[in-house]
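The values are calculated or read from the model by the stated rules, or taken from the named source; none is laboratory data. Quick caveat, the model's predicted, so the values are computed rather than measured. Heads up, the Cβs are rebuilt from the backbone with ideal geometry, glycines too, and the neighbour counts pull from every protein chain shown.
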Amino acid sequence: MITLDESGKIDILDLGFEELEEQIKAIGEPRFRASQIFDWLHVKKVKEFAQMTNISAQLRDKLEKKFCIKSLFIVKRLESSTDNTVKYLYELEDGNHIETVLMEYNYGKTICVSSQVGCKMGCRFCASTLAGFKRDLTSSEILSQVYETERDMGGNVSGIVLMGIGEPLDNYDNVVNFLKQVSAPKGRNLSLRHVSLSTCGIVPRIYELSKLDLGLTLSISLHCPNDKGRSEIMPVNNKYNISELMAACKDYFKKTGRRISFEYALINGVNDTPAHADELAALLKGFICHVNIIPVNKIQERNYSSDRAAAKRFAHLLGTLGINATVRRTLGADIDAACGQLRREYEI
């Protein structure tokens, strides 16, 4: 995937290994140089061609003239005093800002990355949409969140969730290219079984993703079991209703064999009654899935709230109805780790 910067240089982090081989061959260099360069970029994670010390100065000069290595800059770094969650506000080269969150679990560290600058989906309970949509991120800008965070932490993450600012399937091509890059055997080589992609339900893209059979976990932001209620809090439901969404989910499971996770942000007085639990259980009956109950994050501009006690009661009720459900662990509560909050506060 070839992307050019403003000066006409190729964004080298966007290139797959075979694409890089072709580009290196085109500048008169042997193909094996691509392996060296790919290793410097994706294993050693250098930020400048000058750091590639096992290739000649002449080749480094060629690379400087034809390619660029895009960078992110840490504007803010907030670390939780309770659970070691770290939230980064990154500035892109064009001055836009995105958020990335590093979370610590017993099995390792997982990074939550953004896929767009802002979001156009308009979900009523989410802070990401409040500052408006600016643009898609390139695959290298998504990848750079991983590499810059790993450089800062001094190690590698063991998992990735595409659950930050933006709707990943609204930036489909760049997200798929990112997934191929981060899992490239000659590069970062992260198994996509350790990657989760969260979507509000862009149905045609779910069908496309299933055909790729990448092995990742699909997380569906469901948040209400009926069309009337879901459309009120998630405008995307007006275009792709629950019936269409569930058909796409069943197709995804049939093609990939991967269990789907359904996210359910519990909102007091909106989707938290026993009747909602009954509807949700009926909707998911026979589905091999998991429901992730999320106490909704309080944001200043929305009069929505819930708490862990209510989330636990709802999860227990689902359990009695035969649905596998747990309450998501709350991380970074003392540093406003909810998507979009830090970016919006900084840009106001």
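Every residue, every condition in (1) closer than 22 Å to Cys123 by Cβ; (2) assigned by TED's automatic domain parsing to the domain that holds Val101; (3) aliphatic (A, V, I, L, M), yes or no:
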{"site": "Asn174", "(1), (2), (3)": "yes, yes, no"}
{"site": "Leu179", "(1), (2), (3)": "no, yes, yes"}
{"site": "Lys186", "(1), (2), (3)": "no, yes, no"}
{"site": "Asn189", "(1), (2), (3)": "no, yes, no"}
{"site": "Leu192", "(1), (2), (3)": "no, yes, yes"}
{"site": "Ile202", "(1), (2), (3)": "yes, yes, yes"}
{"site": "Leu212", "(1), (2), (3)": "no, yes, yes"}
{"site": "Ile220", "(1), (2), (3)": "yes, yes, yes"}
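Residues in segment 210-227 that are crowded, with 18+ Cβ neighbours inside 10 Å and in contact with a Ser or Thr (Cβ under 9 Å, 6 or more places away or on another chain): Ser210, Leu214, Leu216, Thr217, Leu218, Ser219, Ile220, Ser221, Cys224.
Residue by residue, here is whether (1) in contact with a Leu (Cβ under 8 Å, 6 or more places away or on another chain); (2) surrounded by 13 or more Cβ atoms within 10 Å (Cβ to Cβ); (3) charged (D, E, K, R) holds:
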site	(1), (2), (3)
Leu41	yes, yes, no
Lys70	yes, yes, yes
Lys76	yes, yes, yes
Leu92	yes, yes, no
Leu102	no, yes, no
Ala131	no, yes, no
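Candidates Ile37, Ile98: the one that is buried (at least 19 other Cβ atoms within 10 Å of the Cβ) and under 30 Å from Asn271 (Cα atoms) is Ile98.
Condition first: of a type in the set (Ser, Thr, Tyr), modelled with pLDDT of 95 or more and assigned to a helix (DSSP H, G or I). Now tell me which residues in segment 100-154 satisfy that. If the condition is that a residue be of a type in the set (Ser, Thr, Tyr), modelled with pLDDT of 95 or more and assigned to a helix (DSSP H, G or I), then Ser139, Ser140, Ser144, Tyr147, Thr149 are the ones that fit.
In this structure, does Leu222 turn out to be modelled with pLDDT of 95 or more, of a type outside the set (Val, Ile, Thr) and within 16 Å of Ala282 (Cα to Cα)? Step through it out loud before you land on a result.
Working: modelled with pLDDT of 95 or more: yes; of a type outside the set (Val, Ile, Thr): yes; within 16 Å of Ala282 (Cα to Cα): yes.
Yes, satisfied.
Looking only at residues of segment 72-99 that are among the β-branched types (Val, Ile, Thr) and not in a strand (DSSP E or B), we find that the one that is nearest to Leu169 (Cα to Cα) is Thr85.
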